[in-house]
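Following: one structure in C-alpha cells, then a few remarks.
The values are calculated or read from the model by the stated rules, or taken from the named source; none is laboratory data. Please read all numbers here as calculations on a predicted model, not as lab measurements. Every residue, glycine as well, gets a Cβ built from its backbone with ideal geometry; the counts of neighbours run over all protein chains shown.
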Amino acid sequence: MVLEIPSSVQFDVRNDPFELVSNVDFKYDSGDFGKGYCRIFRHGDVVFFKKEGMWLGSAPGLADAYFKDKASL
C-alpha cells in the first residue's frame, strides 16, 4: 500500500526520524505517473487511521480494516 504525501503538504525529512517516507516514482490508479514523497507500507505493517479520513490507497481488498466501536468502551 502506498500513500502519497500531496505536494501541497509541507514535508520535512527531519520529521521522519525512522526514515519511513521515500521520495520515489509512482503510478496512480488512473495510470498516470508521479514523483514525490510517499509512505510505503509493507507486509506486516500496522497502520491506524481515523475513521473519517480512512483511505486504503492501493490496497482495497488487500488490507484488513478494523474499526473501534465507541459503544463498547
Worksheet item: In the stretch 23-51, what residues are out of contact with any Lys or Arg (no Cβ under 8 Å at 6 or more places or on another chain), surrounded by 10 or more Cβ atoms within 10 Å (Cβ to Cβ) and either small (Gly, Ala, Ser) or under 14 Å from Ser7 (Cα atoms) (or both)?
Response: Lys35, Gly36, Tyr37, Cys38, Arg39
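Sort out which residues of the stretch 9-51 are within 21 Å of Ala65 (Cβ to Cβ) and part of a loop (DSSP other than H, G, I, E, B), and write them in order of number.
Residues of the stretch 9-51 within 21 Å of Ala65 (Cβ to Cβ): 20, 29, 38-51.
Matches in the stretch 9-51: Leu20, Asp29, Phe41, Arg42, His43, Gly44, Asp45, Val46, Val47, Phe48, Phe49, Lys50.
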Discussion item. Checking Ala65 against (1) modelled with pLDDT under 85; (2) touching a strand residue (DSSP E or B) at 6+ places or on another chain (Cβ under 8 Å): exactly one of these is not met. Which one?
Written reply: (2)
